[in-house]
Amino acid sequence: MRNLPATDQWENNKISGLNVHFALLLITFGGVSKLTTEGKTFDTPPPFKPTELFVLIQKKPCIARSDCLSLQPIQSQEYGGQTKRYFPRLFVYHVQLSKKRNRKMGLFIKKPFEALLAEANASGSKSLKRVLGPWSLVALGVGVIIGAGLFSITGTVAAGYTGPAITLSFAIAALGCCFAGLCYAEFASMIPVAGSAYTYSYATMGELIAWIIGWDLVLEYTVAATTVSISWSRYLVVFLEGLNIHLPQALTACPWDGGIVNIPAFLIVVLMSIFLIRGTEGSSIFNGIVVFLKVSVIAFFVVLGWKYINADNYTPYIPANTGTLGEYGISGVLRGAAIVFFAFLGFDAVSTAAQETKNPKRNMPIGILVSLLVCTVLYMLFAHVMTGVAHYSDFAGQQGIAPVAVAIDHMGHADATGVIHPDYPWLNRAIVLAILFGYCSVIMVTLLGQSRVFLSMSRDGLLPPFFSKIHEKYRTPAHSNLLFMVIVGGLAAFVPARVAGEMTSIGTLFAFTLVCAAVLIVRKSMPDVHRAFKTPFVPTVPILGILTCLCMMLFLPADTWIRLVLWMLIGLNVYACYGVKHSKLEHNVKRRKGLTILNMTGIALSVLSVITGLWHQQTVGWEEDKTLLAISFVFAFTHCAFYMVRIWKQTSEKKK
């Protein structure tokens with residue numbers, strides 16, 4: 001059992017604010033006829049003295065899974081004032097009511113709320129340094145939101161799925177983000193601990209669900225950083241071409257985009273990772289400067305570009321569907337909303353920095369909601385101007401990953417031959433340069449988010465302790481930063497931007513769905529825990545958030561679902577082979593309850609791998625390349641065999 005701080009909340013001889021699994025047992029020398037707590041009522045003090053209680057503890061050690069009340073002394077203190085008249089001297093003890101159902105929680109064991117608060121209040125050289133205020137958090141959120149969507153995938157989505165109606169896609173995505181953001185804000189004020197949705201799920205839905213969402217968050221941040229790094233590389237090429245410097249395509253694009261390796265994308269990941277290792281405070285200052293620069297550039301782009309809007313470019317506003325689900329029409333708008341959803345990743349990244357925030361219960365909701373509001377307005381204005389200045393078809397192909405450059409080239413007047421000559425040729429280079437700096441903050445915040453999730457999972461024993469070590473000088477998780485520098489850098493060098501962007505969206509939507517569901521659960525399981533911010537209109541808001549996110553997930557391409565399922569299978573393997581045995585909540589427990597559910601989940605994901613593989617092949621045509629289908633089948637059969645063997649071994653052990 002953990003040592004937990006005693007409560008000082010007294011009113012009419014009652015104790016309030018205690019978790020349902022915990023109470024305070026007070027041993028007094030007299031003056032008390034009845035003691036009432038939220039968990040239990042004692043008509044008279046126990047019939048033994050504090051000295052006898054210590055003997056009892058020695059004879060029956062405090063084990064969380066014992067069949068009796070576990071008593072552990074915390075502190076002895078004198079109370080003055082009015083309290084002293086009723087309680088002359090109080091000996092305060094921590095009591096855990098060890099019920100049979102609690103000791104068999106197994107893989108669905110929940111992290112005690114008191115432990116989360118203790119982690120949030122930790123200090124010293126092995127803890128993260130609290131340096132972020134409310135406006136630093138807003139800048140953090142705006143820094144990652146503005147850039148990932150506006151400057152990278154906006155053009156690609158408009159050209160391939162929505163046409164000018166991309167503004168509607170942003171509005172739909174923002175609606176889902178609003179629901180999820182309100183839920184995130186409640187959790188961030190209630191559980192101000194690094195780890196974001198992972199930590200929230202651990203406290204409300206149990207360890208297995210927390211692992212699934214944590215592993216999903218790692219995917220989300222990894223591919224988000226990859227997408228933006230690739231787009232940064234493309235903008236760098238455009239900027240250097242304006243200076244008459246031409247980089248070879250073989251070194252600035254992945255094999256699927258006509259190159260060999262994307263070296264600029266790899267290098268920017270390395271640079272931002274080194275910056276993060278040096279410390280969050282310096283990173284925050286840099287991020288604030290870059291955010292101011294990006295917002296200024298966007299405002300300038302919108303104001304300047306408004307006069308170049310050609311109303312004909314908005315006709316038709318929603319292009320007719322091509323006959324394929326998701327290619328224009330209403331289904332295209334919904335698919336577009338699902339893809340650009342990851343552009344609102346910022347407020348999710350804000351919640352991962354809770355342990356580096358001053359007064360997180362007040363400042364986290366401010367950072368989340370204000371950054372979401374600011375960016376939603378900027379997104380819609382920007383998309384409207386972009387698709388008005390240039391026809392949506394002009395953003396097709398490789399140019400679509402740098403849509404701002406395309407739009408600025410259309411801010412001019414056409415000559416007799418119809419060729420447009422930009423009125424501000426210098427503007428393109430200036431804005432592209434600002435975008436290059438702005439992308440640095442996006443990459444930095446997403447890299448920060450994934451390292452903090454790994455930090456939380458490692459502290460809980462679900463990953464090796466290597467990832468939770470804090471650098472003594474910089475007080476940052478340097479090992480996690482180095483790991484993701486290699487992984488994200490490699491992906492940025494060899495993976496196309498479209499694939500990475502779609503993977504980010506499905507990971508983000510899945511995470512938001514679980515956070516909305518967790519609010520419904522925590523309102524029932526933890527009704528008395530103090531919240532600086534409460535999600536309004538519960539259960540309506542969380543339910544609408546769940547439905548909105550699930551709806552957008554269904555409109556994502558089938559190959560995106562394949563990659564999600566394969567990633568979750570890999571994560572389940574890690575948890576089954578390491579996390580189950582090393583979890584700090586049930587460390588060294590040989591047979592944890594819930595292993596059957598874990599194994600059945602593995603088999604279910606294997607079946608889903610086959611289904612998504614067939615769905616994808618049916619969508620693209622059976623005459624097309626079958627690589628993804630083959631991979632999904634190999635993963636399905638090998639993992640199905642692996643988890644069936646685990647079930648057989650588990651059954652054999654029970655018979656023994």
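The values are calculated or read from the model by the stated rules, or taken from the named source; none is laboratory data. Bear in mind that the values here come from a model prediction, so they are computed numbers and not experimental data. When we count neighbours, we look across all protein chains shown, and the Cβ atoms used for this are built from the backbone with ideal geometry, even at glycine. To get the accessible areas, we keep the full protein, side chains included, count just its heavy atoms, and leave off ligands, DNA and RNA. Shrake-Rupley method; radii C 1.70, N 1.55, O 1.52, S 1.80 Å.
The table that follows gives values for the structure above.
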read-out	value
Selection within region 259-282 - in contact (Cβ under 8 Å) with a residue 60 or more places away in the chain and either of a type in the set (S, T, N, Q) or assigned to a loop (DSSP other than H, G, I, E, B) (or both)	V261, N262, S273, G279, T280
Yes/no for K584 being modelled with pLDDT under 90, basic (K, R) and either more than 27 Å from T222 (Cβ to Cβ) or open to solvent by less than 10 Å² (accessible area, probe 1.4 Å) (or both)	no
Region 582-602 residues that are at positive phi, paired with ones that are open to solvent by less than 30 Å² (accessible area, probe 1.4 Å) and of a type outside the set (S, T, N, Q) (beta carbon under 7 Å, 6 or more apart)	G594/G106; G594/L107; G594/L208
Filtered residues of region 476-513 (kept if among the aliphatic types (A, V, I, L, M), crowded, with 24+ Cβ neighbours inside 10 Å and at pLDDT below 90)	A497, A500, M503, I506, L509, A511
Index of the failed condition, K593 passing every other in (1) part of a helix (DSSP H, G or I); (2) surrounded by 15 or more Cβ atoms within 10 Å (Cβ to Cβ); (3) more than 22 Å from the chain's Cα centre (by Cα)	(1)
Criterion (part of a helix (DSSP H, G or I) and crowded, with 19+ Cβ neighbours inside 10 Å) met by exactly one of A630, A604, A641, A636	A636
Test: residue in region 239-252 that is part of a helix (DSSP H, G or I), open to solvent by less than 10 Å² (accessible area, probe 1.4 Å) and of a type outside the set (K, R)	no
Within region 104-177, helices (runs of 4 or more DSSP H) holding 2 or more residues that are closer than 29 Å to S480 by Cβ and either at pLDDT 75 or above or among the polar types (S, T, N, Q) (or both)	134-148
Among residues of region 475-493, those that are within 12 Å of I274 (Cα to Cα) and either of a type in the set (V, I, T) or not in a loop (DSSP other than H, G, I, E, B) (or both), counted	10
Lone qualifier among L550, L564, L544 - being part of a helix (DSSP H, G or I) and free of Cβ contacts under 8 Å to residues at least 60 places away in the same chain	L550
Lone unmet requirement of (1) closer than 29 Å to I339 by Cβ; (2) open to solvent by 10 Å² or more (accessible area, probe 1.4 Å); (3) assigned to a helix (DSSP H, G or I) for F537	(3)
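Results for (1) outside any loop (DSSP other than H, G, I, E, B); (2) farther than 26 Å from I230 by Cβ, shown as yes or no for each residue.
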{"residue": "M386", "(1), (2)": "yes, no"}
{"residue": "S393", "(1), (2)": "yes, no"}
{"residue": "V406", "(1), (2)": "yes, no"}
{"residue": "G418", "(1), (2)": "no, yes"}
{"residue": "I443", "(1), (2)": "yes, no"}
{"residue": "T446", "(1), (2)": "yes, no"}
{"residue": "Q450", "(1), (2)": "yes, no"}
{"residue": "L462", "(1), (2)": "no, yes"}
{"residue": "F466", "(1), (2)": "yes, yes"}
